[in-house]
Amino acid sequence: MRFAGYQQPAALPPRGAVQQRRGLEVSLWLSVPVILALVHFLQIFELFGTVGCEGVCDLDLIFAARAAYPWEVAVSLAVAAGAAIALRLLGKPTFWAGLIAVVLVVASATVTSVLVQSGLAPMYERNDRIAQGDLPAAPPPLSPVGQWGTDADEAPRLEFLPDGTLVGTDGCNDLSGEWIQDPEGEITLTLLSVTTADCDGIDTWLSKGRSARILGNFLYINGPTGSPIGGLAPTAATGQS
């Protein structure tokens with residue numbers, strides 16, 4: 001016997017369908033940190049593309065896109081969490097919230113990558129033109145061949161010879177060794193002989209030099225850690241060959 005106004009309760013979804021939706025929801029949410037980790041490693045490799053693009057690339061655009069990316073991810077996850085709460089209150093399947101999270105996170109990473117590549121585009125265009133012969137290649141670095149420093153007493157100086165050897169003094173001890181310059185201008189110094197005179201009161205920093213680079217026609221000497229420890233001014237003919 002049924003009373004007037006009686007309504008048949010809505011049929012519940014099969015138990016298997018409910019479990020399937022829950023499994024899908026869990027999988028979607030678990031895929032979010034996996035996607036974020038993958039994007040993080042891809043962005044690290046993408047950063048290598050900025051090497052050599054100073055003065056050509058739009059670095060402001062690149063760095064702004066990278067700075068905004070974490071906030072985009074945070075907003076995406078907040079929107080997905082809000083969607084999950086709203087769907088639960090409405091009695092709707094909440095796996096849609098996981099799908100929203102995945103879509104928004106992927107969209108954030110894609111937009112960031114597009115902006116970064118847009119910032120790198122001028123460098124790619126320049127490199128293509130150089131490869132096609134439309135632009136001259138970068139000039140070779142200045143040669144260190146010649147004398148750097150002065151002949152004053154207790155003053156450091158180095159002389160780079162064309163055969164790859166060098167001689168000089170750190171202001172107290174005589175130095176001799178070898179040098180080699182890579183295409184980027186980095187000069188590796190190998191000191192083969194250093195005399196052992198008593199050098200009280202003299203700063204013998206030059207004997208600690210391990211590499212050098214010419215910047216602004218000035219020879220900067222780097223120590224064992226790769227940091228500059230001093231510099232030498234050139235003579236009139238040095239660095240012009």
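Which residue out of Glu178, Glu125 is in the same structural domain as Leu59 (by TED's automatic domain parsing), surrounded by fewer than 19 Cβ atoms within 10 Å (Cβ to Cβ) and among the acidic types (Asp, Glu)?
The unique qualifying residue is Glu125.
Residues to consider are Ala37, Ala65; find the one that is out of contact with any Ser or Thr (no Cβ under 9 Å at 6 or more places or on another chain), at pLDDT 80 or above, small (Gly, Ala, Ser) and closer than 24 Å to Leu115 by Cβ.
Just one listed residue meets the conditions, Ala37.
Can you spot a residue in the range 111-118 that is surrounded by fewer than 16 Cβ atoms within 10 Å (Cβ to Cβ) and in contact with a Leu (Cβ under 7 Å, 6 or more places away or on another chain)?
Yes, some residue in the range 111-118 is surrounded by fewer than 16 Cβ atoms within 10 Å (Cβ to Cβ) and in contact with a Leu (Cβ under 7 Å, 6 or more places away or on another chain).
What about Leu219, is it of a type outside the set (Phe, Trp, Tyr), assigned to a strand (DSSP E or B), touching a residue at least 24 places away in the same chain (Cβ under 8 Å) and in contact with a Phe, Trp or Tyr (Cβ under 7 Å, 6 or more places away or on another chain)?
yes
Exactly one of (1) in contact with a Cys (Cβ under 7 Å, 6 or more places away or on another chain); (2) surrounded by fewer than 18 Cβ atoms within 10 Å (Cβ to Cβ) is unmet by Ala68. Its number?
In the conditions (1) in contact with a Cys (Cβ under 7 Å, 6 or more places away or on another chain); (2) surrounded by fewer than 18 Cβ atoms within 10 Å (Cβ to Cβ), Ala68 misses (1) alone.
Looking at the range 168-212, which of its residues are among the aliphatic types (A, V, I, L, M) and part of a loop (DSSP other than H, G, I, E, B)?
Ala197, Ile202
Scan the range 111-135 and report the pairs whose first residue is at pLDDT below 80 and whose second residue is surrounded by 14 or more Cβ atoms within 10 Å (Cβ to Cβ), with Cβ atoms within less than 7 Å and a gap of 6+ or a chain change.
Arg126/Val56; Leu135/Arg126
Tell me yes or no: at least one residue of the range 87-107 is among the small types (Gly, Ala, Ser), under 18 Å from Leu42 (Cα atoms) and surrounded by 12 or more Cβ atoms within 10 Å (Cβ to Cβ).
For the range 87-107, residues among the small types (Gly, Ala, Ser), under 18 Å from Leu42 (Cα atoms) and surrounded by 12 or more Cβ atoms within 10 Å (Cβ to Cβ): present.
Can you name the residue in the range 189-204 that is touching a Gly at 6+ places or on another chain (Cβ under 6 Å) and more than 20 Å from Ser227 (Cα to Cα) and is also modelled with the lowest pLDDT among such residues?
My answer is Leu192.
Considering only the range 147-168, how many residues are of a type in the set (Val, Ile, Thr) and either under 20 Å from Pro224 (Cβ atoms) or modelled with pLDDT of 90 or more (or both)?
Going through the range 147-168 one residue at a time, the tally reaches 2.
Of the residues Glu178, Glu186, which is modelled with pLDDT of 90 or more and closer than 30 Å to Asp58 by Cβ?
One residue alone meets the criteria, Glu186.
In this structure, is Ala84 under 13 Å from Val32 (Cα atoms) and surrounded by 14 or more Cβ atoms within 10 Å (Cβ to Cβ)?
no
What number of residues in the range 93-139 are in a loop (DSSP other than H, G, I, E, B) and closer than 24 Å to Ile62 by Cβ?
Adding up the residues that qualify gives 2.
Check whether at least one residue in the range 184-193 is of a type in the set (Val, Ile, Thr) and within 23 Å of Asp153 (Cβ to Cβ), and report yes or no.
Kept after step one, since they are of a type in the set (Val, Ile, Thr), are these residues of the range 184-193: 187-188, 190.
Now narrow it down to the ones that are within 23 Å of Asp153 (Cβ to Cβ): none.
Looking for residues that are of a type in the set (Val, Ile, Thr) and within 23 Å of Asp153 (Cβ to Cβ), one finds none in the range 184-193, hence no.
The values are calculated or read from the model by the stated rules, or taken from the named source; none is laboratory data. All values derive from a computational prediction rather than experimental measurement. Every residue, glycine as well, gets a Cβ built from its backbone with ideal geometry; the counts of neighbours run over all protein chains shown.
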